[in-house]
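The values are calculated or read from the model by the stated rules, or taken from the named source; none is laboratory data. The model shown is predicted, which means the values in this text are computed figures rather than measured ones. Here Cβ is always computed from backbone atoms with ideal geometry, including for glycine, and neighbour counts include all displayed protein chains. SASA here: full protein model, heavy atoms, side chains in, ligands and nucleic acids out. Shrake-Rupley method; radii C 1.70, N 1.55, O 1.52, S 1.80 Å.
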2 protein chains.
Amino acid sequence: MIIFYSPDLAETMALPEEESAHCVRVLRMKVGERITVVDGRGNRFLCGITDADPRRVGVDIIQKEYAPDGRGRGITLVVAPTKNIDRIEWLLEKATEMGVARIVLVKCARSERKNVNPDRLRKILISAMKQSLKTELPDLVAFPSFNEFITMQKDWAGRRVMGYCDEKFPRLSFVKEFRPGQDVNILIGPEGDFSPEEVELAVTAGYQPVTFGDTRLRTETAALYAVEAVHILYDLQ
Amino acid sequence: MIIFYSPDLAETMALPEEESAHCVRVLRMKVGERITVVDGRGNRFLCGITDADPRRVGVDIIQKEYAPDGRGRGITLVVAPTKNIDRIEWLLEKATEMGVARIVLVKCARSERKNVNPDRLRKILISAMKQSLKTELPDLVAFPSFNEFITMQKDWAGRRVMGYCDEKFPRLSFVKEFRPGQDVNILIGPEGDFSPEEVELAVTAGYQPVTFGDTRLRTETAALYAVEAVHILYDLQ
């Protein structure tokens, strides 16, 4: 099944430029053919093509269904992007496939990477959402400093945990600690770990240091372990 | 900590060519410096460099420790390689970081990929083992046909499960079904799914169809979900 993404379909009655080009130039679809469109906010539309313009495919809506997949499960993943951006792009794809509600890319004191391209990263999220037949697109927040993030997250609901390598603070096992049914904010440090100031800030803001198993994991592997752990704990219920 | 790999250190008293080049040309290590070497079978050696030859670094063994990490946890992952080999290379890295005892790349009827490069793939396993500070290297078996695999695995111990998309056979939830403490053989199909003949063969050989959560996952994502699920179920104990 091929799915298209249009965040404002009900207003524009059209596909965005990139989706339009894919529809007409790559898939060679024509006026009258039917397509499925999701808006990333839980709505799925059955549409007919009314204008096969490769820059802006016009459609009419035959059927609309509110079908949230609920796979985000209140998970906010906060991660410092890796030096090699491929690893973060891979993480964004996999976390979206598994299910995540919000991804925050945060700039830490010891981050080697000082910039990201949110448009490119958002395309990866969209592609993974479509590929895994989801109707909800994770929110992407890029690229606050650690201090900005701490301010930003004050009102966010749910548990707060932090994957953290040092042993200054006692750490709990994440999988033993987490209970399905609550939102969770998971903070994963950069390759050089959090700075002592960041650890203090996070602990003060309520982030509980946790471990993800007893093996040394790369940043992106630890992040995916945490997301999968939440899903597995739900699946175990 | 920088770790070197030498599968036959105790016999050769040397590093293999690629590790030697890395040691001398990249890291510029010299005679008398100390290095840590693992043999991929659970042994860790503290060595001194006696010959800084970039084709064959000679060492003497100062200390030997049998320190199996036990992270393989009796997991055999059997997977059909994806059309895009990057996805399988990524899976090999991540499964090794998480921990897996044996990886079998199997050629299925509907596999689009008809060849793999075992030497290149083994290098990825070695690199991931070293990076995650493990002492045991997963076995890599590449590239039997599905029929050859079914014959090969007859005497392997443990549970047999199969990630499978069709609904002809009733499927159990893998995370609800698996109990830590037993070896497990996890079979993951190709992008076009198993052929009906392969499903019959596998079911006859004792593979129980299972699901990995209720979302549509790519081949490599399903495989990693399964490996992580085993570890999480151990970590929950």
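7 Å from Cα along Cα→Cβ at both B:Glu18 and A:Lys114: what's the point-to-point distance in nm?
Placing both labels 7 Å along Cα→Cβ, they lie 3.5 nm apart.
Which loop-located trypsin sites (Lys or Arg not before Pro) does region A:144-237 contain, where loop means any DSSP state but H, G, I, E or B and the Cβ has at most 16 other Cβ atoms within 10 Å?
Listed in order of number, the matching sites are A:Lys154, A:Lys168, A:Arg216.
Mind scanning B:Lys64/B:Lys134; A:Lys130/B:Lys114; B:Lys64/B:Lys130; A:Lys94/A:Lys123; B:Lys94/B:Lys123 and naming the pairs with a C-alpha gap bigger than 21 Å?
On the way: B:Lys64/B:Lys134 15 Å; A:Lys130/B:Lys114 28 Å; B:Lys64/B:Lys130 17 Å; A:Lys94/A:Lys123 14 Å; B:Lys94/B:Lys123 14 Å.
Exceeds cut-off: A:Lys130/B:Lys114.
Using label points projected 7 Å from each Cα along Cα→Cβ, tell me how many nm separate B:Arg41 and A:Asp60, to one decimal.
Taking the simple label geometry, B:Arg41 and A:Asp60 are separated by 7.3 nm.
Can you list, shortest first and in nm, the gaps between the label point of A:Val203 and those of its counterparts in the other copies, using a point 7 Å from Cα in the C-beta direction?
Here A:Val203 shows inter-copy label distances of 5.6 nm.
How much of the accessible area of the protein assembly as shown, in percent, comes from carbon and sulfur atoms when a 1.4 Å probe is used?
47
Anything losing 40 Å² or more of accessible area from the isolated chain to the full protein assembly: pick those residues out of region B:217-237, probe 1.4 Å, ligands and DNA/RNA ignored.
When all protein chains are present, B:Arg218, B:Thr221, B:Tyr225, B:Glu228, B:Ile232, B:Asp235, B:Leu236 each give up 40 Å² or more of accessible surface.
What figure in square angstrom, to the nearest 10, would you give for the accessible area of A:Asp235 with a 1.4 Å probe?
Number for this one is 30 Å².
For A:Arg34, go 7 angstrom from Cα along the Cα-to-Cβ vector, then report the distances to that same point in the other copies in nm, smallest first.
7.2
For a Förster distance of 51 Å, can you work out the FRET efficiency between the beta-carbons of A:Ala52 and B:Leu236, rounded to the nearest 0.05?
On the way: r = 53 Å, r/R0 = 1.04.
FRET efficiency, A:Ala52 to B:Leu236: 0.45.
Put a point 7 Å out from Cα along the line to Cβ at B:Phe169; what are the distances to that point in the other copies, in nm, shortest first?
4.6
Quick check for you: which residues of region B:89-126 have the amide N under 19 Å from the point 7 Å beyond the Cα of B:Val26 toward its beta carbon?
Those under the cut-off are B:89-90, B:92-94, B:96-97, B:119-126.
Evaluate the distance, in nm, between pseudo-label points positioned 7 Å from the Cα of A:Ala67 and of A:Asp214 along their respective Cα→Cβ axes.
It is 4.5 nm.
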